[in-house]
1. Restricting to Cα atoms and excluding each atom paired with itself, what does the Kirkwood estimate give for the stretch 214-342 in Å?
2. In nm, to one decimal, how far is the ASP294 label point from the VAL139 one, both placed 7 Å along Cα→Cβ?
3. Hey, which of these cross-link pairs are over 28 Å Cα-Cα: LYS97/LYS260; LYS169/LYS281; LYS145/LYS281?
4. Rounded to the nearest 0.05, what FRET efficiency do LYS169 and VAL126 give with R0 = 30 Å and r taken as the Cβ-Cβ distance? Could you check?
5. For a test of the definition: using alpha carbon positions, the gyration tensor, and the 1.5 limit on a/c, classify the stretch 317-395 as rounded, prolate or oblate.
6. Which net charge results when you count Lys and Arg as +1 and Asp and Glu as -1 among the other residues whose beta-carbon is under 10 Å from that of ARG346?
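Each reported figure results from applying straightforward, stated rules to the coordinates on display, with no laboratory input. These figures come from a predicted structure and were not determined experimentally. Here Cβ is always computed from backbone atoms with ideal geometry, including for glycine, and neighbour counts include all displayed protein chains.
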Amino acid sequence: MGPSYRTSYQAKQEKEVVDLEARALSPKGSLVSPSLPHASSFRRRRSHSRRALKWITAGVFILCLVGCILRISSHVNVLHSQQLDYEPIDVVAVSLKPSCVTREAITSLNRYLQPRAIHIITTSSVKCSIFSLFADNVVCHLQDKFLDGVTVDRVGDFLQRRLGLDQHKRFKGRDMSGWYMQQFLKLGSVLALPGLTIYYVVWDLDMILLSPVQLVWRDRELPGGGLVDMSASAGQTQTLVNIGGSVAPGYMASFQRLTKHGLEFAPDGTSFVTHWMVIYKPYLLEFLRELSNDGDGPTDWVWRILGAVEPRYADLGFSEYASYISWVRQHYPQSQRLASRKTWVRHPFGQRTLSLLRLLRTDRCCCPNGLLLWLLRLLGFVYTGYEVGHIPECRYDASEHAMSYGL
């Protein structure tokens, strides 16, 4: 044969070898012709599967999110309907100055709690005029005229003269004498404001309510969501008690000295220092009488409390919340209904988050952020703190914020 035949024959053999290699290398050994793009088709199908999986995952997430929103919305509507069954109650609060935080706190109270009046005790008439602009139901009072004979200077003088403490010492952004004074104003509200509703709320104005909350149960009402019945009997009225507070040796020491009993704690070991509480006027009046030790003066309990402070723990030497709630638990245990879990946080997603978000504002103030509040509400929290005075970067005590903050 001629050269042309051998060349054609060799080319045919080489093509058969290539075909054989292609079949050997095709996926799973399938006998697919190399002219068909099998590998690329497989990759396209796999890419489509991944995209479909992503869409399915996103869809499931959106459904879960919608379900959570509907569940929370349903729970909120139930609490709203429960709230309408009762007469509005009053709120008492103490605040050093008006701020973007106190304004949001007052707005949230009116939105979710709908109180008859919000009594605010502050340090000057100018600040009172600003507070009164926040809502029509705000009633403002001056602290040094609120309790007969009890002023911040007298409290500071007692701390310094009787206990050897620096009345102007600062701890976590607060002045010691002012910190004790604000507790006495809350407890003394039952004496200074005789027209308060029989049940009323003492509220720290650096706490923001995120949803409606039932405060009082009467007769045979069933427990609300997230609550546990604490030895309720037929016809017994109960008030909500929050849990999840911090524990301090000073709180325990002063209560032991005042009542000869130990301080009470929640079943999970946390305290009742949760920054607001429901007051029943007859119980608080009885508590103050006991603290006065049958003294003649209406405010003897103030000086007896200060005398019971352990100087070593004076920075956290007494708690109005832990003391009142503990006393009621020891004398009228059936009157309380404890939350079964902690439903609040001191700062939305930590102090660092608040200090960073202030950079978005021209005044660099740490003010409530709507997105953070929405996320906390979505996560099921009932209220959150915005304790900007505890965060140095927020500059709450700066001279330019002497009369107000973030307004």
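1. 15.3
2. 3.5
3. Beyond 28 Å between Cα atoms: LYS97/LYS260; LYS169/LYS281.
4. 0.65
5. Since a/c reaches 1.5 but b/c is at least a/b, the shape of the stretch 317-395 is classed as oblate.
6. Neighbour charge sum, excluding ARG346 itself: -2.
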